[in-house]
Amino acid sequence: SIRGLTDDVLVVDADSADRTRDIARHWGARVIQQSWLGWLRQRALGIARAHHDWVLILEADEIVTPRLFADLQQVMAGDPRPDDGYSVDRRDDFLGELLPRMRRRKKRLNFVRLFNRTRSAYDPTLTIHEEVRVPGRVHPLSGTLIHWRGFTITQQVARYAAYAPLEADVM
């Protein structure tokens, strides 16, 4: 969903058992295979290996909608300020339906996915539901980032159970 947006797509693969690496290479992405280090360290590895200072963080199960794609193009064509960051409206799929915005209004601007890596970084204190800290302003992007997991109810409950200890540690 980002084909044509950049000349450098980097996939950091955590020993996936599917065809992620082959599919990524087929579409021209650089692939780094790295056993799971945790969200922050895994993303830091990718950010450090990016060819450009501006990075867009996506997960393999996320889809950039055409409106979001157009807004990303417009932002990058407009010479954005390096201190600023750009947040996205990510919507989760549940049993084939897109859920409404789940984030509290106050937290919506914290979902920064486009930022300049020379000025901004992930908050090292958040091991789950990580957030990028930018020294400047955060601008919301138009369009939607779809988080398309395709989980069954059993898989979703198992995911909640697995994340509960991590969330308790953060709290």
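The values are calculated or read from the model by the stated rules, or taken from the named source; none is laboratory data. Since this is a predicted model, take the numbers as computed values, not measurements. Remember, those area values only see protein heavy atoms, side chains included, never the ligands or the DNA or RNA. Shrake-Rupley method; radii C 1.70, N 1.55, O 1.52, S 1.80 Å.
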For residue 13, distant residues with modelled amide H under 5 Å away: 32, 33, 34
Given the whole protein assembly as supplied and a 1.4 Å probe, what does the accessible area of residue 130 come to in Å², nearest 10? 30 Å²
Just the Kirkwood number for the chain, please: inverse of mean 1/r across all distinct Cα pairs, in Å, one decimal. 17.1 Å
